[in-house]
Every structure is written in C-alpha cells, then in structure tokens.
Amino acid sequence: MAAGKQLVINRDWCKGCGICAAFCPKQVLELVDEKVQKVHEDQCIFCGQCEMRCPDYAIYIEEAENEEINQWVKSY
Ligand code: SF4
Ligand code: SF4
C-alpha cells in the first residue's frame, strides 16, 4: 500500500451497483451484502478508477498527509 494514501468507502452512499469493482484493475473490491468492500486492500495501486467511476461519490482516495482535509472529511 502506498504511503500517505487511503481508500475510503462511504457505506451510506454506496448503492451496491458494482461499477467500481468491475473497473478496478487489481480486484481490490467486491460486493458484500449489497455494499462494496475492500477485500484485497493491500493490492490497491490508487489508480483512481473506482473514484472516477462511482456515480455516487461513495469511494475515494484520501491523501493522508493533508491533515486539514482529513479533519474535514472526518467531521463531515
Ligand atoms: S484505486 Fe484503483 S486499484 Fe485501488 S480500489 Fe480503486 S480501482 Fe482498484
Ligand atoms: S460504484 Fe459506488 S455506489 Fe457502486 S458499488 Fe462502487 S462504491 Fe458503491
């Protein structure tokens, strides 16, 4: 896993369409109980495909070194 980056899933927003899992080149994602989950998180290359394809903005890459954004995301 690349340092300083994290893949975040907002389960409340995920509608389980599976688009992100279908486009992920590393098979990181799978649907479990109609929500997407990171089943092979260590394989993620942070290519951004899932973030770009999700119609509901439910999955995104977070830059862990930017503390201001982290705080904003957490308090949101
Ligand atoms: S960033 Fe790329 S490799 Fe990581 S889960 Fe999303 S699509 Fe898969
Ligand atoms: S593309 Fe978005 S809404 Fe669809 S399964 Fe993935 S995270 Fe959920």
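Just so you know, all these numbers are worked out from the coordinates, no wet-lab data involved. The model shown is predicted, which means the values in this text are computed figures rather than measured ones. Cβ sites come from the backbone with ideal geometry, for glycine too, and all protein chains shown count toward neighbours.
Taking 0.36 nm per residue of separation and subtracting the Cα-Cα distance, full extension of the segment from Val39 to Asp12 would add 7.9 nm. Computed from the Cβ-Cβ distance with R0 of 22 Å, the FRET efficiency linking Gln27 to Ala64 stands at 0.40. What is the sum of charges, Lys and Arg at +1 and Asp and Glu at -1, for the other residues whose Cβ falls under 13 Å from the Cβ of Lys26? Charge balance in the 13 Å sphere: -2.
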